[in-house]
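Beneath this line is the structure, given in structure tokens, with notes to follow.
The values are calculated or read from the model by the stated rules, or taken from the named source; none is laboratory data. It should be emphasised that the depicted structure is a prediction, and the values quoted were computed from it without experimental measurement. Glycine also receives a Cβ, built like all others from the backbone with ideal geometry; neighbour counts cover every protein chain displayed. All accessible areas refer to the heavy atoms of the entire protein, side chains included, with ligands and DNA or RNA removed. Shrake-Rupley method; radii C 1.70, N 1.55, O 1.52, S 1.80 Å.
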Amino acid sequence: MTVTLDAADVAALGPAAAVAAVREALAGGLDPDGGVPRTVVPLAHGQGLLMPSEYGGWYGVKVATVAPGNPARGLRRINATYLLHDSATLTLVALLDGVALTALRTPAVSVAACLDRLRALADRYGGLRLVVFGAGPQGEGHVAAVRAHVPVSEVTVVTRRGGPVPDWADRHLAVDGGEVAAAVRHAQVVVTATSAREPVVDGRLVSDEAVVLAVGSHEPDVREVDAALMGRATVLVESRETALREAGDVVLAIREGTLAPDSLVTLADPAGSPAVLPADRPLVVKTCGMGWQDLVVAVAVYRGRGENGGEAGLS
């Protein structure tokens, strides 16, 4: 029987369980570079995206659309549905809200990639200061994912014009305001979760110990993080092939000569090693989103709903 899992069902998994699903899959041998690249279909009013993946006895595909003109119509910019199948029979077992799934799995990947670093910073400071560029679901989701694992002392959200303070933040600043630079300088975590096509943060302001979670761009000519920061940071990506194909933050920094392709660290590397992630340099976690991430979190959602007598899960 095919079940339908709506946004509330997906969100009920929670960020801690989503992070655990990502980390368990990687520890179990999942190879991000072995994934199928996303298919981007140019459409008259935006893009169509197809993101398939097979792993651990499951096959899934996210079907998404990106319509840049929708916000002006009062509609969502991104819409998506996730189809989860049993690998052995290729039977459709669940339809999941793909927007909610993306909002959950993207922060989960960011935090899974740097959890040891976040914990070390939290031990040092007691609570982390976060600066979040972007007030949308990804900004909120990243704050929730960090908070699920370490104490957070302050959250500053930055948008183009400022405005009311979201209930998940402590203050809301306009990007050209004088307080933003100081906030970035003192932040242990900076999140860029915007639709901007040019850098939103001055990389010279980021401290040597800070973590930058850059998730807004997945096109080779679009970036949120400048070349100055990429050149002085350790850059961790989901997959080297994906980053060199889709991550404008990476592609443009390489083109400008500040970042070497062979310096990229991937999720498959031993992230706990100080030699891989030195503590005296900023850490940029640059993700574009990959099909395997949706799959492992979708399976965790499905399993959490107790389908098949509670036995559904990665085999």
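The table for this structure:
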{"read-out": "Residue in the stretch 149-164 that is in contact with a helix residue (DSSP H, G or I) (Cβ under 6 Å, 6 or more places away or on another chain), of a type in the set (Ser, Thr, Tyr), over 30 Å from Thr2 (Cα atoms) and not in a helix (DSSP H, G or I) present", "value": "yes"}
{"read-out": "Near pairs, Cβ below 8 angstrom, 6+ apart or cross-chain, from the stretch 158-181 (within 11 Å of Ala135 (Cα to Cα)) to any residue that is open to solvent by less than 30 Å² (accessible area, probe 1.4 Å) and in a loop (DSSP other than H, G, I, E, B)", "value": "Val158/Gly134; Thr159/Gly134; His172/Gly162; His172/Pro166; Leu173/Gly162"}
{"read-out": "Matching option when the condition is over 30 Å from Glu209 (Cβ atoms) and either at pLDDT below 95 or over 19 Å from the mean Cα position of the chain (by Cα) (or both), among Leu101, Leu121, Leu75, Leu50", "value": "Leu75"}
{"read-out": "Residue pairs meeting the criteria (Cβ under 8 Å; at least 6 apart or on separate chains; first more than 24 Å from Val250 (Cβ to Cβ), in the stretch 277-304; second open to solvent by 10 Å² or more (accessible area, probe 1.4 Å) and among the β-branched types (Val, Ile, Thr))", "value": "Tyr302/Val3; Tyr302/Val93"}
{"read-out": "Residue among Ala233, Ala182 that alone is modelled with pLDDT of 95 or more and either of a type in the set (Val, Ile, Thr) or buried (at least 20 other Cβ atoms within 10 Å of the Cβ) (or both)", "value": "Ala233"}
{"read-out": "Failed criterion for Gly35 (all others in (1) in contact with a Phe, Trp or Tyr (Cβ under 6 Å, 6 or more places away or on another chain); (2) modelled with pLDDT under 95; (3) under 21 Å from Gly134 (Cβ atoms); (4) not basic (Lys, Arg) hold)", "value": "(3)"}
{"read-out": "In the stretch 64-81, the residues that are open to solvent by 20 Å² or more (accessible area, probe 1.4 Å) and in a strand (DSSP E or B)", "value": "Thr65, Ile78, Asn79, Thr81"}
{"read-out": "Extreme residue, nearest to the chain's Cα centre (by Cα), among residues of the stretch 205-220 that are open to solvent by 10 Å² or more (accessible area, probe 1.4 Å) and modelled with pLDDT under 95", "value": "Gly216"}
{"read-out": "Hits in the stretch 14-46 (condition: open to solvent by 20 Å² or more (accessible area, probe 1.4 Å), closer than 19 Å to His85 by Cβ and of a type in the set (A, V, I, L, M))", "value": "Val36"}
{"read-out": "Options Leu84, Leu49; residue that is closer than 16 Å to Ala7 by Cβ, open to solvent by less than 20 Å² (accessible area, probe 1.4 Å) and not in a loop (DSSP other than H, G, I, E, B)", "value": "Leu84"}
{"read-out": "Qualifying residue in the stretch 128-146 (condition: surrounded by fewer than 23 Cβ atoms within 10 Å (Cβ to Cβ), without any contact (Cβ under 8 Å) to a residue 24 or more places away in the chain, in a loop (DSSP other than H, G, I, E, B) and out of contact with any helix residue (DSSP H, G or I) (no Cβ under 9 Å at 6 or more places or on another chain))", "value": "no"}
